[in-house]
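Engineer: Here it is, the structure, as structure tokens.
The values are calculated or read from the model by the stated rules, or taken from the named source; none is laboratory data. A quick note: this is a predicted structure, and the numbers were derived from the prediction, not measured. Cβ placement follows ideal geometry from the backbone for every residue including glycine, while neighbour counts extend to all protein chains displayed.
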Amino acid sequence: MSNTTYILIGVTYYVVALIIILIVLHIIKKKSKNYYLNKIDELEREKNLIISANILSELNKVEGLINNDQLQKKYEDWQDRFKEIKEVEIPKISDQLLEIEELYKSRNKKELKEKLAKVEYQIFFVKTKSNYLLSEIKEITSSNERNRNSITRLKAKYRDIMATYNNNKEDYDKIAENIDLQIDRIDKLFSTFEVAMENNNYSEVNKIVKVLEDILGNLKLVIEETPSILMMANKIIPTKIKDIESISSKLEKDGYNLDYLNLSYNIEETNKKLSDILERLNVLNIEDSTLDLETIMNYFEGIYSSFDKEQESKKIFEELTPSIISRAVNYEKINNDLRKKTDEFKYSYDLVDDDLKILDVINREVKEVKRDYDTIVNAYRSRTFAFSRLAKEMEVLNTKLVMIKEKLDEALKTLGSLKEDEVRAREQVDDIKEVLRQANVKLTSYKLPTIPKKYNVELSEANDALEEMIRELNKKPISIKTLNIRVDTARDLALKLFNTSKELVKSAYMAEMAVVYGNRFRVIDEEIDKALINSENLFNRGEYKKSLENSINAINNIEPEFYNTLKTIMEGK
């Protein structure tokens, strides 16, 4: 390709790119133009919607309802406000929209954006004023229907209340008179409502409806809750108070300390609260009365629980009291007996002061328990504390005694086992000697040509271990730990020697039997003859196991089941 061709291609690309850029810029400009036009149209529509036909319609309705100065003043105020919006606010917005159109035409985008924002806010502000004005006017124009609906609902509620009251009038006792007065007041309010409605005195009507709602709401609660309030305040709670005073008096005579319950003060306060509830009920005020009565009931139910707890605590206290002092004295006696033997333990056994320190700890803790016990018993005798506290203190002492017993058992186990280990060791001296004697008897029960060196070594080790054990027993003080090691070593070596003697005798006997059995094959097999000669040599040197293995291997070539036959012969012995 020539240079001209390259230049033409480059120019083409440049022209195409330029066209694309121009098209994009045109689209952006068109969209921006459409955005501002649409925004201006939208604001124009919003402005036109501010003045609602409903306002004029509602004002006309009010004009037909005017029959007093108060409503006349309101009507005139609403007209002035409507006029302000229509003749002042709306024209201002219209002028501002014209300015926006001029700015759009002059393409002054910066001022255009600012002006749009201001006008948008102004429209919102005026629209809000217009809506609020309409709502105020409707408050009057819709008052008739709304208040009629409200009064119809309240009359239905009133009939239900009256039905409940008249059917159970005897349940209201002395306050029935005050309820009747309240009923008369309600009847008068219903009549006043009708008069106000006829006079179009809507502000007064609203007040009457609100007062009726409040009075009927309170009367409904009074009618519903008064019977239970009177029942609890006049019968149930006073009966409980008498019952609790009776139980309290009996318990105190039986030695119970109930001071912590503050019954006298709380009963006095309860009576004051009951009087206050009844006084407020007389003026039909039952605010929080039911809640207060339920709280009082729960309190007295708690008192019954406290009485039960005190009686149960007394049983626990009376059960633990003799047990604790008896165990404390017993533990102290056992511990003192052990402490008296500390010098003996130190002399007889290899112990240090730290090994016996637990006895001092137990002694101190037992004394603390006895001291605390005396304090609790004195408090019981002087009736200083309630049984619930006394029982709790005794349970603490009981727990301490359990822990002391664990320590004492450990001390008894440790110190008591010292003597037991020594006695057991002395008894095992004779047992070990008997094992050694049995080993010798077993060995001599078969006339062996030679006693193997292994047996003599084990015999020497067993005798040395026995002597070490006897020496340890003769020491003062004895180290029980070392003694137990010596006992275990001597016993193990004696048993090992006994097992060795058994094995030697058994091997020697079987080796001899194998040679005797194999003699029948010597004349027919030269190899067996040589093998048996070797077995005899091994037997005479004291290598009985090797002699047996050699004979069995030789005879197996002729009689494969020979070893089983030999075992059968041994089992029959």
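Engineer: For the list (1) within 30 Å of residue 390 (Cα to Cα); (2) part of a helix (DSSP H, G or I); (3) in contact (Cβ under 8 Å) with a residue 60 or more places away in the chain, I need the number of the one condition that residue 257 fails.
Structural biologist: (2)
Engineer: Could you look through the range 449-469, keep only residues that are surrounded by fewer than 18 Cβ atoms within 10 Å (Cβ to Cβ) and touching a Lys or Arg at 6+ places or on another chain (Cβ under 9 Å), and pick out the one that is farthest from residue 546 (Cα to Cα)?
Structural biologist: 468
Engineer: I need every pair where a residue in the range 490-506 that is within 20 Å of residue 448 (Cβ to Cβ) has its Cβ under 8 Å from the Cβ of a residue that is β-branched (Val, Ile, Thr) and in a helix (DSSP H, G or I), sequence separation at least 6 or different chains.
Structural biologist: So the pair list comes out as 497/435; 498/435.
Engineer: Then there's this: Confirm whether residue 332 is surrounded by 14 or more Cβ atoms within 10 Å (Cβ to Cβ), at pLDDT 85 or above and assigned to a helix (DSSP H, G or I).
Structural biologist: yes
Engineer: Among the candidates 286, 277, which residue alone is in contact (Cβ under 8 Å) with a residue 40 or more places away in the chain, outside any helix (DSSP H, G or I) and over 34 Å from the mean Cα position of the chain (by Cα)? Spell out the reasoning first.
Structural biologist: Details: 277 fails: outside any helix (DSSP H, G or I).
Answer to the check: 286.
Engineer: Could you go through the range 94-117 and let me know if any residue there is over 18 Å from residue 43 (Cα atoms), part of a helix (DSSP H, G or I) and in contact (Cβ under 8 Å) with a residue 40 or more places away in the chain.
Structural biologist: Within the range 94-117 (the criterion being over 18 Å from residue 43 (Cα atoms), part of a helix (DSSP H, G or I) and in contact (Cβ under 8 Å) with a residue 40 or more places away in the chain), the answer is no, since none of the residues qualifies.
Engineer: Among the numbered conditions (1) farther than 24 Å from residue 450 by Cα; (2) among the acidic types (Asp, Glu); (3) part of a helix (DSSP H, G or I), tell me where residue 559 comes up short.
Structural biologist: It is condition (3) that residue 559 fails.
Engineer: Among the residues of the range 500-533, how many are surrounded by 14 or more Cβ atoms within 10 Å (Cβ to Cβ) and in a helix (DSSP H, G or I)? Lay out the reasoning, then the answer.
Structural biologist: So in the range 500-533, the residues surrounded by 14 or more Cβ atoms within 10 Å (Cβ to Cβ) come out as 500-515, 517-518, 521-522, 525, 528-529, 531-532.
With in a helix (DSSP H, G or I) added as a condition, the list becomes 500-515, 517-518, 521, 528-529, 531-532.
Total satisfying the criteria: 23.
Engineer: Pairs, please: C-beta under 7 Å, at least 6 apart or cross-chain, first residue of a type in the set (A, V, I, L, M, F, W, C) and in the range 224-238, second not in a helix (DSSP H, G or I)?
Structural biologist: Hits for this filter: 229/286.
Engineer: Would you please name the residue that is surrounded by the fewest Cβ atoms within 10 Å (Cβ to Cβ), looking only at residues in the range 282-325 that are among the charged types (D, E, K, R) and touching a Lys or Arg at 6+ places or on another chain (Cβ under 8 Å)?
Structural biologist: 287
Engineer: If you go through the range 402-411 one residue at a time, how many are surrounded by fewer than 20 Cβ atoms within 10 Å (Cβ to Cβ) and closer than 14 Å to residue 328 by Cβ?
Structural biologist: Residues meeting the conditions: 4.
Engineer: Kindly indicate whether residue 153 is basic (Lys, Arg), without any contact (Cβ under 8 Å) to a residue 24 or more places away in the chain and either within 27 Å of residue 289 (Cα to Cα) or not in a helix (DSSP H, G or I) (or both). Steps first, answer last, please.
Structural biologist: Working: basic (Lys, Arg): yes; without any contact (Cβ under 8 Å) to a residue 24 or more places away in the chain: yes; either within 27 Å of residue 289 (Cα to Cα) or not in a helix (DSSP H, G or I) (or both): no.
Considered against the rule, which asks whether it is basic (Lys, Arg), without any contact (Cβ under 8 Å) to a residue 24 or more places away in the chain and either within 27 Å of residue 289 (Cα to Cα) or not in a helix (DSSP H, G or I) (or both), residue 153 comes out as no.
Engineer: While we're here: Read through the list (1) at pLDDT 85 or above; (2) within 30 Å of residue 302 (Cβ to Cβ); (3) surrounded by fewer than 17 Cβ atoms within 10 Å (Cβ to Cβ), then give the number of the only condition that residue 211 fails.
Structural biologist: (2)
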